[in-house]
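Have a look at the structure below, then the notes.
Rule-based calculations on the coordinates, nothing more; no lab input. No experiment lies behind these values; they were computed from the predicted model shown. All Cβ positions, even for glycine, are placed from backbone atoms using ideal geometry, and neighbour counts span all protein chains on display.
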Amino acid sequence: MCGRYRIKDTDELSEELRRTFKIPDWVMGPRFNIAPSQQMPVLITGNEGEAKVATMRWGLVPFWDKSEKPKIAPINARAEDAFTKPMFRQSIQTRRCLVPADGFYEWKRLPGDQKQPYDIQLKDGRPFFFAGIYETATQLRPDTYLLFTTRPNALMASIHNRMPAIITGDRAKQWLAPGPISPEQLAGFTEPYPAEEMVAHAVSALVNNPRNDSPDCIVPIGDPA
């Protein structure tokens with residue numbers, strides 16, 4: 001699962017886009033609580049094979065659904081299902097995308113049906129990308145996207161039984177490269193990110209409400225997980 005993420009250091013992300021993808025200066029204000037149905041930047045492959053930034057709505061609508069109010073719009077999907085479920089089989093081959101972030105949130109179940117939110121990031125705080133797929137716009141809706149999830153690493157296993165598929169560096173460029181991929185290649189892209197390179201902090205319940213979109217959402221309230 002991954003139901004919220006953030007991009008707090010937009011200058012660092014802009015530098016990463018220049019360095020890795022040769023994308024010129026890109027401007028966006030910081031976001032601390034990105035939620036489903038919001039429109040956010042993603043990286044896709046352009047007509048000439050170059051990486052480019054596009055704005056899409058979080059929540060993938062299947063290509064066959066032409067209705068104004070789709071019945072399903074998943075925000076994430078198990079990477080293991082990419083080649084078996086009809087709504088993903090076409091997109092995984094032709095419409096892969098990268099979703100930029102520098103942190104994400106997950107909720108740990110506690111006794112008494114309580115949930116504790118955690119802010120999770122790379123230890124050095126640098127930006128990264130979620131592996132995703134997208135569907136193109138229709139007359140009734142914009143382009144839409146989702147994130148792939150994978151099994152948890154040792155850090156995430158103490159919080160949740162899934163984690164987003166995180167890609168960095170050259171692997172990110174390879175994910176966007178035009179052309180089909182095999183199930184074996186997908187499995188390589190979606191291996192759990194190394195636990196020793198990540199850190200998680202408990203944060204307040206402010207993040208539970210998507211209207212709260214401020215630095216207060218990521219203030220630690222305890223020791224790292």
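Here are the numbers:
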| read-out | value |
| --- | --- |
| Which of Lys71, Lys115 has the fewest Cβ neighbours within 10 Å, and the rest in rising order | Lys71, Lys115 |
| Enclosed volume per residue, in Å³, of the convex hull spanned by Cα atoms of the range 85-150 | 153 |
| Cut-off under 5 Å, modelled amide H: who pairs with Arg141 long-range | none |
| Neighbour-count ranking [beta-carbon atoms within 10 angstrom, fewest first] of Arg109, Arg96, Arg4 | Arg109, Arg4, Arg96 |
| Isotropic mean projected area of the C-alpha convex hull, the range 14-110 (nm²) | 8.8 |
| Count of Lys pairs (Cα-Cα under 23 Å; at least 8 positions apart or interchain) in the chain | 13 |
| Val42, Val99, Val199, Val53 arranged by Cβ crowding within 10 Å, fewest neighbours leading | Val53, Val199, Val42, Val99 |
| Amide H contacts under 5 Å for Arg4, placed H, 5+ residues apart | Tyr105 |
| Where only C-alpha atoms are counted, convex hull volume of the range 1-45 per residue in Å³ | 100 |
| Helical contribution to [θ] at 222 nm, DSSP H n ≥ 4, -39,500 (n - 2.57), averaged over the chain, rounded to 500 | -5000 deg cm²/dmol |
| Equivalent ellipsoid dimensions for the range 4-224 as semi-axes, Å, which come from the Cα gyration tensor, largest first | 26, 20, 19 |
| 5 angstrom amide H check on Arg31, placed H, neighbours 5+ away | Ile7, Lys8 |
| Dipole moment magnitude, nearest 20 debye, the range 163-225 about Cα centre, only Lys, Arg, Asp, Glu C-beta charged | 240 |
| Antiparallel %, DSSP beta bridges [both residues in the range 4-224], to 5 | 90 |
| Neighbourhood net charge (15 Å Cβ-Cβ; Lys/Arg +1, Asp/Glu -1) for Pro178 | +2 |
| Residues Met28 and Thr136, FRET efficiency given R0 of 25 Å [Cβ-Cβ distance, rounded to 0.05] | 0.65 |
| Net charge, Ile133 excluded, C-beta distance under 13 Å - Lys, Arg +1, Asp, Glu -1 | +2 |
| Dipole moment magnitude, nearest 20 debye, the range 4-224 about Cα centre, only Lys, Arg, Asp, Glu C-beta charged | 720 |
| Dipole-positive endmost among Gln121, Phe88, Gln38 within the chain (Cβ charges, Cα centre) | Phe88 |
